[in-house]
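Okay, so here's the structure we're looking at.
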Amino acid sequence: MEEDSEQQASGDTIDARVAMVVDDEVGVMNLVARIMEQSHFKVLKATSAEDALKTAGDYEGPIDLLVTDVVMPGMNGYQMSLKMRQDRPSLKVVYMSGFSDNIFAREAAADKRAIFLAKPFQPTMLRKAATILLNTDDASQFGEDFSGT
């Protein structure tokens, strides 16, 4: 285990992007984290909004991208992102949900620094969403490309 973390740390570059992946379903969280790692992100993981806020608070470096489920027990992903942005106002967000008619999903989709992905989605869609978000300050023009409709 230590060998893996040493290899991961030695592969990091000064301009590596950092993504936090949050999903209460561990399998989904690990799958999304693996996609982000394959896209050359350093990944922080959490299985709840509360854990994510603690991890973000403890993490001293920048977090470039938050990839979060919208519907989770306790605090939802949208509320969590608002709290996280209090300390990290430039944070970009990919909201994911299998419940496209959820009120929070609609609010999240209206965020200009966010893209909503309806589950299930292809890894290429997540990579495309991350690329768009990290290269623009207004991703709202791309929203229809990701809605799944």
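Readers should treat all values here as calculations from the given coordinates under stated rules, not as data from a laboratory. Computed from a predicted model, the values in this text were never measured in an experiment. All Cβ positions, glycine included, derive from the backbone under ideal geometry; neighbour counts span all protein chains shown.
Here is how the numbers come out for the structure above:
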| read-out | value |
| --- | --- |
| Loop-resident sites, the stretch 28-101, for GluC sites (Glu not before Pro), counting at most 13 other Cβ within 10 Å (DSSP) | E60 |
| Likely footprinting exposure, D51, D23, D111, D138, fewest C-beta neighbours within 10 Å first | D138, D51, D111, D23 |
| Interatomic Cα distance distribution for the stretch 13-146, bins of 10 angstrom, percent | 13, 51, 34, 2, 0 |
| Segment L31-Q79, length gained on full extension (0.36 nm per residue, minus Cα span) | 15.0 nm |
